[in-house]
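Structure first, then comments.
The values are calculated or read from the model by the stated rules, or taken from the named source; none is laboratory data. Treat the numbers as computed from the prediction; the structure is a model and nothing was measured. Glycine gets a Cβ as well: all are built from the backbone with ideal geometry, and neighbour counts include every protein chain shown. Note: accessible area is taken over every heavy atom of the protein model, side chains too, but ligands, DNA and RNA are not part of it. Shrake-Rupley method; radii C 1.70, N 1.55, O 1.52, S 1.80 Å.
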Amino acid sequence: MCPAEANRTQCPLKAYTLGRGIHLPLVDPDPSPAGSPPCCSQKTVTVPPEAGAGLRQPLQYGSEAWQRVYFRLRNSVEGINGYAKDTLRERLEDAGTRRIRGIAAQTLLLAFQLAHANRRKLRAWADSIALHDDRPRRRPTRRRKTKPLGTWTPKGYVKEP
């Protein structure tokens, strides 16, 4: 599109674009024997399919199929970010875990932390699947062992025999 048509510049070839404001630059196209550039004389330009073949997407942007795939991928990325930023695990947001100066050193330490988070995530996944007809390994429960509530009685209320 012509920059003057897009309201980005002022051009003497299109008189209606002049005087739109001093914040828009004034363009002075060079005169040529071939005439004005095609973007100045046309409102639209036809682009052949092979010109944009490298930018082609397999799913139409905004379609239901695109949303289904995009949001699933986005949710997985955000889940990994939340896992890595969790204060009980990697604590990526906490700068106190990387007490060293310099952007290069910080970047290296951050890369190691991300690699560790990925390794922990993959190990947890590998432990949860069954290989060679074995049962998947269960994580140990972290619950405290307590007595059943029926065995507890307050002091002073039960007479001893």
* To do: Name the residue, out of LEU114, LEU92, that is more than 30 Å from PRO31 (Cβ to Cβ), at pLDDT below 85 and either under 21 Å from the mean Cα position of the chain (by Cα) or of a type in the set (A, V, I, L, M) (or both).
  => LEU92
* Structure fact -> Given the conditions (1) in contact with an Asp or Glu (Cβ under 9 Å, 6 or more places away or on another chain); (2) under 19 Å from PRO3 (Cα atoms), every one holds for ALA15 apart from (1)
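Rundown of residues vs (1) surrounded by 13 or more Cβ atoms within 10 Å (Cβ to Cβ); (2) in contact with a helix residue (DSSP H, G or I) (Cβ under 9 Å, 6 or more places away or on another chain); (3) in contact (Cβ under 8 Å) with a residue 24 or more places away in the chain, yes/no style:
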residue: ARG8; (1), (2), (3): yes, no, no
residue: THR17; (1), (2), (3): yes, no, no
residue: ASP28; (1), (2), (3): no, no, no
residue: GLY35; (1), (2), (3): no, yes, no
residue: SER41; (1), (2), (3): no, no, no
residue: THR46; (1), (2), (3): no, no, no
residue: GLY62; (1), (2), (3): no, no, no
* Structure fact -> The number of residues in segment 4-19 that are in a loop (DSSP other than H, G, I, E, B), on the phi < 0 side of the Ramachandran plot and either of a type in the set (Phe, Trp, Tyr) or over 39 Å from the mean Cα position of the chain (by Cα) (or both) is 3
* To do: Sort out which residues of segment 132-153 are in a loop (DSSP other than H, G, I, E, B) and among the hydrophobic types (A, V, I, L, M, F, W, C), and write them in order of number.
  => TRP152
* To do: Check MET1 against each of (1) in a loop (DSSP other than H, G, I, E, B); (2) open to solvent by 100 Å² or more (accessible area, probe 1.4 Å); (3) of a type in the set (A, V, I, L, M); (4) at pLDDT 85 or above and name the one condition it does not meet.
  => (4)
* ILE22 vs. criteria in a helix (DSSP H, G or I) and either aliphatic (A, V, I, L, M) or surrounded by 10 or more Cβ atoms within 10 Å (Cβ to Cβ) (or both) -> no
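Just need a number here: residues in segment 76-106 that are over 16 Å from LEU122 (Cα atoms), in a helix (DSSP H, G or I) and either among the small types (Gly, Ala, Ser) or open to solvent by 80 Å² or more (accessible area, probe 1.4 Å) (or both). Let's see the steps before the verdict.
Pass one, segment 76-106, residues over 16 Å from LEU122 (Cα atoms): 78, 85-88, 91-106.
Retained after the next criterion (residues that are in a helix (DSSP H, G or I)): 78, 85, 95-97, 103-106.
Still in the list and also either among the small types (Gly, Ala, Ser) or open to solvent by 80 Å² or more (accessible area, probe 1.4 Å) (or both): 78, 85, 95-96, 103-105.
Total meeting the criteria: 7.
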